[in-house]
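As structure tokens, the structure follows; a few thoughts come after it.
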Amino acid sequence: MRRIATIGVYGFTAGAFVETLTGEGVGLLLDLRQRRGVRGPDYSWANSALLQRSLAAVDIGYRHVKELAPTTELRQLQYREDDRQGVGKRNRVALAPEYAERYTREILDRFDLGVLVADLPSDSTTALLCVERDPEACHRSLVAARMRAEHGLPVTDLRPG
């Protein structure tokens, strides 16, 4: 049976990230980021090339699904709301309602999740990746909720320590 997990970068070390994925039985990681890099030395391990090497070393597949990434305009909308609330991206706890509505309408509703789901491995968990620590603060939660609602996939949110 296909299973979904969500995971962010923030709060993990490289080793703990990979250990969490392997412990959950992840066989495929879907990278939902538009830009597949993270600034700063603490998270350089999550930059695409380094991340792919780490995953390959433990036999976890990798796919970039850029079509499910938020546009620059949507990210800027969320950043403005973060600024208004006085929170940074690394400590955001929820998505702005307008962001969630527009992401759903402009990206998720136009994407054929059925095709993606049909291509997922049935013998392992597939992880949806972005950067935010908490899924409620990230578009990956919207994708996971749609996969659960429309395709009956169980979803587990993986968090650091």
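Values in this text are rule-based calculations from the coordinates and carry no lab data. Keep in mind that what you see is a predicted model, and the values were worked out from it rather than measured. Because the Cβ atoms are built from the backbone with ideal geometry, glycine has one as well, and the counts that use them run over all protein chains shown.
Given R0 = 35 Å, the distance between the Cβ atoms of ASP59 and ARG84 translates into a calculated FRET efficiency of 0.20.
Per DSSP helix of 4 or more residues, -39500 (n - 2.57); summed, then divided by the residues of the chain. What does that give at 222 nm, rounded to the nearest 500? Write down the numbers at each step before the final one.
On the way: 6 runs with 62 residues, N = 161.
Using -39500 (n - 2.57) per qualifying helix, the result is -11500 deg cm²/dmol.
In terms of the mean number of neighbouring beta-carbon atoms within 10 Å, the peptides 82-92, 129-139 order highest first as 129-139, 82-92.
In this rough spin-label picture, where each label sits 7 Å from Cα along the Cβ direction, the SER44-GLU98 distance is 3.8 nm. When Rg and the Kirkwood radius Rh are both evaluated on Cα atoms of the chain, their ratio Rg/Rh stands at 0.94. For the chain, a crude dipole built from +1 on the beta carbon of Lys and Arg and -1 on the beta carbon of Asp and Glu, taken about the Cα centre, is about 340 debye to the nearest 20.
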